[in-house]
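Quick notes on the structure that follows.
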Amino acid sequence: MIAAEAPQEQGARIVQLENVQVRFGKGEDTFLALDKTNLVVRNGDFVAMVGPSGCGKSTILKLVAGLARPTEGVVFVAGREVGAEKVGIGMAFQNPTMLPWLTIRQNIMLPLKIVKPYADTFNRDKHTVFRDKAEALLAKVGLTGFGDRRPWELSGGMLQRANLCRALIHSPKLLMLDEPFGALDQFTREELWSVLQDLWMETKPTVFFVTHDLREAAFLANRILVMSARPGRVTDDRHVDFARPRTLETTFETGFTDLTNDLRRMIFAARQGKETTV
């Protein structure tokens with residue numbers, strides 16, 4: 001069941017999970033993936049989700065994006081009620097999946113062909129307003145001059161920059177990121193942390209970010225959800241109040257390393273089938 005609340009003001013709750021369970025499979029093969037999960041996310045939050053593999057992090061993304069439905073419980077997402085205004089959602093995954101026959105700019109503009117109200121004027125605006133919008137995003141992620149290139153001409157890090165542009169081109173209120181930097185080398189990842197932080201600080205979408213990198217979670221998020229092993233549920237909701245903009249120097253500060261060590265202990269305990277609080 002998916003319902004909705006009224007349009008959101010800054011700081012108002014935009015997502016709420018109430019006693020949500022998700023089961024997959026049928027008959028004897030069924031298994032509980034997510035168990036009795038309660039969660040409130042407010043407009044403009046940057047929420048990172050960490051935990052053991054298979055704990056349900058990506059399942060929560062799918063629930064919020066409307067790609068999966070709970071077996072039990074209720075998911076409230078603004079704009080999901082019939083007749084209400086839909087909330088724009090942007091997505092980026094570990095694999096950028098750019099269409100090879102299109103230019104980088106054309107790939108970035110693809111959501112504008114689908115998402116209203118942009119789709120209504122796409123043919124009219126694709127060479128003017130929308131092109132300018134794509135070029136402005138490319139400039140923000142350091143890809144000025146690469147709009148006419150094809151995907152195979154860009155490195156993995158450059159493609160992931162373009163992937164972020166595509167996720168943001170239609171000004172979504174919800175941004176769903178499932179390990180978008182997981183396949184990149186450490187130096188490129190750290191560079192893209194700052195790029196993503198800058199984009200979030202400028203546009204303030206509500207972000208759900210799945211990662212296995214605890215430093216990445218602590219650098220980017222203002223909230224970190226720690227999940228138990230399967231069946232997953234949120235066991236810790238940690239607020240992160242380091243000053244922004246954060247830099248790589250931030251990651252060497254005592255408070256930062258203390259936080260990542262706390263998270264590591266909780267996840268290790270979860271992998272052992274135990275729970276711990278810090």
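The values are calculated or read from the model by the stated rules, or taken from the named source; none is laboratory data. What you are looking at is a predicted structure, and each value in this text was computed from that prediction instead of being measured. Note: ideal-geometry Cβ built from the backbone for every residue, glycine included; neighbour counts use all protein chains shown. With ligands, DNA and RNA removed, areas are computed over all heavy atoms of the protein, side chains included. Shrake-Rupley method; radii C 1.70, N 1.55, O 1.52, S 1.80 Å.
Annotations for the structure displayed:
- Lone unmet requirement of (1) in contact with a strand residue (DSSP E or B) (Cβ under 6 Å, 6 or more places away or on another chain); (2) part of a loop (DSSP other than H, G, I, E, B) for LEU67: (1)
- Every condition in (1) out of contact with any Phe, Trp or Tyr (no Cβ under 7 Å at 6 or more places or on another chain); (2) touching a residue at least 60 places away in the same chain (Cβ under 8 Å); (3) over 23 Å from PHE130 (Cα atoms) holds for ALA167 except the one numbered (3).
- Qualifying residue in region 127-142 (condition: of a type in the set (Phe, Trp, Tyr) and at pLDDT 95 or above): yes
- Residue count, region 117-148 (criterion: under 19 Å from ALA167 (Cβ atoms) and either aromatic (Phe, Trp, Tyr) or touching a residue at least 24 places away in the same chain (Cβ under 8 Å) (or both)): 15
- Taking every residue in region 258-269 that is closer than 12 Å to MET227 by Cα and pairing it with any residue that is open to solvent by 70 Å² or more (accessible area, probe 1.4 Å) and in a helix (DSSP H, G or I), at least 6 positions away or on another chain, yields no pair with a Cβ-Cβ distance below 9 Å.
- Boolean, LEU159 is touching a Lys or Arg at 6+ places or on another chain (Cβ under 9 Å) and either at pLDDT 95 or above or among the aliphatic types (A, V, I, L, M) (or both): no
- Identity of the residue in region 31-52, more than 27 Å from PHE242 (Cα to Cα) and open to solvent by 20 Å² or more (accessible area, probe 1.4 Å), that ends up modelled with the highest pLDDT: ASP35
- Just one of the numbered conditions (1) surrounded by 16 or more Cβ atoms within 10 Å (Cβ to Cβ); (2) within 30 Å of PHE252 (Cβ to Cβ); (3) modelled with pLDDT of 95 or more; (4) hydrophobic (A, V, I, L, M, F, W, C) is not true of MET201: (1).
- Filter result for ASN19 (touching a Gly at 6+ places or on another chain (Cβ under 8 Å), modelled with pLDDT of 90 or more and surrounded by fewer than 18 Cβ atoms within 10 Å (Cβ to Cβ)): yes
- Subset of region 233-278 that is open to solvent by less than 70 Å² (accessible area, probe 1.4 Å) and in contact with an Asp or Glu (Cβ under 7 Å, 6 or more places away or on another chain) - its residue that is modelled with the highest pLDDT: LEU248
- Counting only strands (runs of 3 or more DSSP E) that sit completely within region 160-241, those holding 1 or more residues that are in contact with a strand residue (DSSP E or B) (Cβ under 7 Å, 6 or more places away or on another chain) and of a type in the set (Ser, Thr, Tyr) correspond to 206-210, 234-239.
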